[in-house]
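The values are calculated or read from the model by the stated rules, or taken from the named source; none is laboratory data. Quick caveat: nothing in here was measured; it's all calculated off a predicted structure. Don't worry about glycine lacking a Cβ; one is built from the backbone with ideal geometry, like all the others, and counts go over all protein chains shown.
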Amino acid sequence: MRNIILFDDDSWNTLLPLSYTRPVADLRVGILKISEKWEHALEGKSSFVTQDYLSEKFPVQVASDNWIINGALLPNDRIVKLILGLELNGAIIHNDLLIAARIDDKQFASLEDESGLNELSGIDISDDDSLVQLITRPYDIFTHCGAEIQNDMDVLCKGRRSEEIDESNQVIAAQNVFIEPGVEMKYCTLNASKGPIYLAKGSEVMEGSIIRGPFALGAHSVVKMGAKIYGDTAIGPHSKVGGELSNVSIQGYSNKGHEGYLGNSVLGEWCNLGADTNSSNLKNNYAEVRVYDYTKESFVSSGLQFCGLIMGDHSKCGINTMFNTGSVVGVSANIFGAGYPRTFIPSFAWGGASGFSTYKLEKQYEVAEKVMARRKKELTDLDKKILGHIFHASSKFRTWEK
């Protein structure tokens, strides 16, 4: 089994707030996390080189032979073939960016301070951009979602047979639907003619739901009654969704369980959207959407006409919340009240359109413990340590504290 080490580069900063709580390769794009994609592609076990405050939860495992890969890189057949062809001390470079390398433990130690980079024998693939697909912005997760659902299904369903679909359901292109054991679904409509549909083990699609592929539902997740779900949508494990969704990615353990529209959006883990929450994903003047960039501490053009909500882990909003186009919400924010809140809401913000105060750390711990207990998970001391670091690191964005 190959030892895979997935490392963060500058994209960790540009993927904030989603990366605040995890390495880049722990992000879910499509059905699988980036790390899981590489484990399948290289037939190995992965670990991470990440930020210091995350490294205790996500430790690196170094062996005598290591395949180190940029954590923002999505696998494809051509790049996987190149990586598997690397000799020891070989590397792949794209536009001066290290994509992958194969090194021993001594070389790894020298690479940690970058003194060993010059010793690697590099393959430069800068003239072929099609080889390299990187997730460097939060919205890259939903723009790649549909294609990655198909890629992940090719891996997960190879050589396997789907469970039977209950005859009460209406299904178009049933050959493109894959159902794991333990799925509950009756009196629903599935259209897989435009893309595949994948329902993971123990998930449930309640009656009256209408789903168009590409769509993936994670293990033990639920689509609630009468939901309308458009393609390029992937729901991670232990989540609940309802209302109307289009091109949405949910990392897992989060709820959008009620009526309301969410489109071209990414939610982290342990998020909850109150009933009738709506997010705009298109500006009235049809202009490109500007999105807050943590590295520039200002709004930049996303290059997208459609972009909705980006929400970091542990954030919540109350009923009837209205998010404007391209809204970015940090970690552990609590949003409520009438009107449109600002389009950048820092981590540990408490309030809404009428203004914000600081969501106290101990109070947030109490809420997180209750929320996680509902999924039989524990907020550990290490989780608290990470949230505490984020609380202090993000204070500069909470301008009302100054």
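Pairing residues of segment 293-313 that are outside the structural domain of THR21 (by TED's automatic domain parsing) and modelled with pLDDT under 95 with residues that are in a strand (DSSP E or B) and among the basic types (Lys, Arg), at Cβ distances under 9 Å and at least 6 apart in sequence or on separate chains, gives no pairs at all. Each residue in segment 293-327 was checked for being surrounded by 24 or more Cβ atoms within 10 Å (Cβ to Cβ) and within 18 Å of PHE397 (Cα to Cα), and 8 pass. Just so you know, in segment 254-265 the residues that are within 15 Å of the chain's Cα centre (by Cα) and buried (at least 24 other Cβ atoms within 10 Å of the Cβ) include one that is nearest to LYS240 (Cα to Cα), and it is SER254. Looking only at residues in segment 5-17 that are under 20 Å from GLU56 (Cβ atoms) and in contact with a strand residue (DSSP E or B) (Cβ under 7 Å, 6 or more places away or on another chain), which one is surrounded by the most Cβ atoms within 10 Å (Cβ to Cβ)? That would be LEU6. Each residue in segment 1-32 was checked for being assigned to a loop (DSSP other than H, G, I, E, B) and β-branched (Val, Ile, Thr), and 2 of them qualify.
Within segment 347-366, take every residue that is touching a residue at least 24 places away in the same chain (Cβ under 8 Å) and in a helix (DSSP H, G or I) and give me the one that is surrounded by the most Cβ atoms within 10 Å (Cβ to Cβ). Even if it seems obvious, please write down each step before you answer.
Of segment 347-366, the ones touching a residue at least 24 places away in the same chain (Cβ under 8 Å) are 347-349, 352, 355-359, 361, 364.
Checking which are in a helix (DSSP H, G or I) leaves us with 361, 364.
Details: LEU361: 15, GLN364: 23.
Among residues in segment 347-366 that are touching a residue at least 24 places away in the same chain (Cβ under 8 Å) and in a helix (DSSP H, G or I), the one surrounded by the most Cβ atoms within 10 Å (Cβ to Cβ) is GLN364.
For segment 377-399, the tally of residues that are among the hydroxyl-bearing types (Ser, Thr, Tyr), assigned to a helix (DSSP H, G or I) and either loosely packed, with under 13 Cβ neighbours inside 10 Å or outside the structural domain of GLU269 (by TED's automatic domain parsing) (or both) stands at 1.
VAL155 meets the stated requirement of being in contact with a His (Cβ under 6 Å, 6 or more places away or on another chain), in contact (Cβ under 8 Å) with a residue 24 or more places away in the chain, under 22 Å from ILE92 (Cβ atoms) and not assigned by TED's automatic domain parsing to the domain that holds GLU43. Whether a residue is assigned to a helix (DSSP H, G or I), among the hydroxyl-bearing types (Ser, Thr, Tyr) and touching a strand residue (DSSP E or B) at 6+ places or on another chain (Cβ under 8 Å) was assessed, and SER35 passes this test.
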